[in-house]
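Visitor: Structure below; questions to follow.
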Amino acid sequence: MQFFILEAEQPAKKLEYDLIIVGGGPAGQSAAIYGTRYMLDTLVVEKEAHGGSVNLTDFVENYPGFPDGIEASKLASLFYEHAKNLGAESVIAQVTKIQKVEEKKFLINTLDGLVFTAKSVVIATGTQPKRLGVPGETELTGRGVSYCAVCDGPFFKGKPVAVVGGGYSALTEALYLAKLVDKLYLIHRRDQFRAAEILGYRVRNHPKIELVLNSVVDEILGDDKVRGVKVRNKLTGEVKTLDVDAVFIYIGLKPNTDFLKGFVELDESGFIPTDRYMATNVPGVFAAGDVRVKKLRQIVTAVADGALAATSAYEYIHE
Ligand code: NAP
C-alpha cells in the first residue's frame, strides 16, 4: 500500500475512518477536536499546510481568549496540536472526489490515488483569493503581484507598494504592510470600507497610507517585475500611474469547491449552502467555515461551525 506524508514521522495509519474532515484550517481542526471527543476515528486531510488561510495573515486581534492578540501561525499550530493531542490523525493530500456509495459510506479519492472511506464527511476547505483579471496580473504574479502580505511583504521593506480592496483582508494586510514599507497606496473602488470601523479608522489615520478611493486598477505595469499600477478614478475618469514595486490584491474570496461540483449543492459563487446544523443537501456530508454560505467569515465563526459539524456527523453516524 502506498503511504503519504504529513510530517516525516507521521504517515497515515489506515484508509478507513468514522469521520473524514477535508481541510485543516480552524473549522477543520475544531471539527477534529470535537470528533475525537465523540470517540470518532477521525482523519483530517489537508492539501497544503495545517492552519489553512490563517497562515496567510500576520496577527489575529479578534479571537477571544487572547487579549493581546496572537501570531496567526501560532494560533494555527495550537489548533493543530490540540486536535492531534486528542487523537485526530492528519495527512497532507489533495482530495479530488467524494462519492456516497451507501448510507454511512463515503469514498474520498486523493490526487495520489488513495481512496479513504468514511461514515461521514465534513468539508472545511476554505477559500482562495480572487483575481483582479487585469493585464499584468498573471504575468507579474510572484514578481511583485502578491496575494499574501505576510509571505511577500518582507521583500518590499522601505519600498512603495499598493494594496487593492476595501474589505477586512485589504485593511488588515495594509496595516501589516505599512509597518514594513515606505509608502502604501490603498486602492478601493468605493469610498466606504467593508470591515470593522476600527480598521477603517486606522488606515485613514496612518501616516504611510494614502487612500486612492473610488478607483479601479486598469493595469499592472512592469516587465520582469512590477514597476507601477495604472488606476482610474470612477467618478472623474482621471487615469494615473502610481509608482510601486508591489501590488497586493485582496478583493475577496473564491471557495475551494471545484472538486465538489455535482456532488453537493453549491450556490452561484460556489459556496456550500447548509442548514443551521451544518448539513449540506447530501445526508452525512457537513460543511464548516469559510467554504459555507454565511454572513461572517472569521476564525471564531469557523471554529463554531467545526464543532457543530462534528456534532451533526456524530449524530448521523449513530442515528
Ligand atoms: P470581502 O469582504 O469580500 O471584500 C472584498 C473587497 O474587495 C471589497 O471591498 C470589494 O469592494 C473589493 N472588490 C471585490 N471585487 C473587486 C474588483 N473586481 N475590483 C476591485 N475591488 C473589488 O473580502 P475579504 O476582505 O477577503 O474578506 C473575506 C471574508 O474574510 C470576510 O467575511 C471577512 O470578514 C473575512 N476576514 C476576516 C478577517 C479578520 O477577522 N481578521 C480578516 C480577513 C478576512 P466593495 O466593498 O465595493 O464590494
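The values are calculated or read from the model by the stated rules, or taken from the named source; none is laboratory data. Predicted model, so just to flag it, every value in this text is computed and none were measured. Because the Cβ atoms are built from the backbone with ideal geometry, glycine has one as well, and the counts that use them run over all protein chains shown. Calculation scope for accessible area: heavy atoms of the full protein, side chains included, ligands and nucleic acids excluded. Shrake-Rupley method; radii C 1.70, N 1.55, O 1.52, S 1.80 Å.
Visitor: Let me cross-check L180: its accessible surface, 1.4 Å probe, with only protein heavy atoms counted, in Å² to the nearest 10?
Guide: In the full protein context, L180 sits at about 40 Å².
Visitor: Under a 1.4 Å probe, what is the accessible area of the chain per residue, stated in Å²?
Guide: Computed with neighbouring chains in place, this is 48 Å² per residue.
Visitor: A further question follows. Picking from V22, V293, V122, which is most flexible by a Gaussian network model of the chain using Cα springs under 10 Å?
Guide: In this elastic network of the chain, the residue with the biggest mean-square fluctuation among V22, V293, V122 is V293.
Visitor: Applying a 10 Å radius around every beta-carbon, put 283-291, 68-76, 201-209, 235-243 in order of their mean neighbour count, most first.
Guide: 283-291, 68-76, 201-209, 235-243
Visitor: For D267, what charge total do you get from the other residues with a beta carbon under 13 Å from its beta carbon, if Lys and Arg give +1 and Asp and Glu give -1?
Guide: +2
Visitor: Return the single residue from N256, N85, N109 with maximal mean-square fluctuation; model: Gaussian network over the chain, springs between Cα atoms under 10 Å.
Guide: Sorting by GNM fluctuation, first place goes to N85.
Visitor: Here is a further query. By how many nm would the segment from R194 to Y63 grow when fully extended, if each residue of separation counts as 0.36 nm and the alpha-carbon distance is taken off?
Guide: 45.2 nm
Visitor: Tell me the net charge near G200. Cut-off is 13 Å between Cβ atoms, G200 excluded, with +1 for each Lys or Arg and -1 for each Asp or Glu.
Guide: Result for the local shell: +2.
Visitor: Between K159 and D258, what's the calculated FRET efficiency when r is the beta-carbon distance and R0 is 35 Å? Round to 0.05.
Guide: With R0 = 35 Å, the Cβ-Cβ based efficiency is 0.50.
Visitor: Another question, if that's okay. Which of V264, V121, V101 moves the most in a Gaussian network model of the chain with Cα springs under 10 Å?
Guide: V101
Visitor: Over the Cα atoms of segment 137-286, what radius of gyration and what Dmax do you get, in Å?
Guide: That works out to 18.1, 54 Å for Rg and Dmax.
Visitor: Taking all pairs of distinct Cα atoms, average 1/r, flip it, and tell me the Kirkwood hydrodynamic radius of the chain in Å to one decimal place.
Guide: After inverting the pairwise mean of 1/r, the radius is 20.7 Å.
Visitor: Relative contact order for segment 90-180: what is it in percent, counting Cα pairs under 8 Å that are at least 6 residues apart?
Guide: Reported as a whole number, the value is 15 percent.
Visitor: Moving on to the next point. Please give the FRET efficiency for K240 paired with S269, using the beta carbon to beta carbon distance and R0 = 45 Å, rounded to the nearest 0.05.
Guide: Given R0 = 45 Å and the Cβ-Cβ separation, E is 0.90.
Visitor: State the three equivalent ellipsoid semi-axes of segment 56-141, derived from the C-alpha gyration tensor as the square roots of 5 times its eigenvalues, in descending order and whole Å.
Guide: 30, 25, 12
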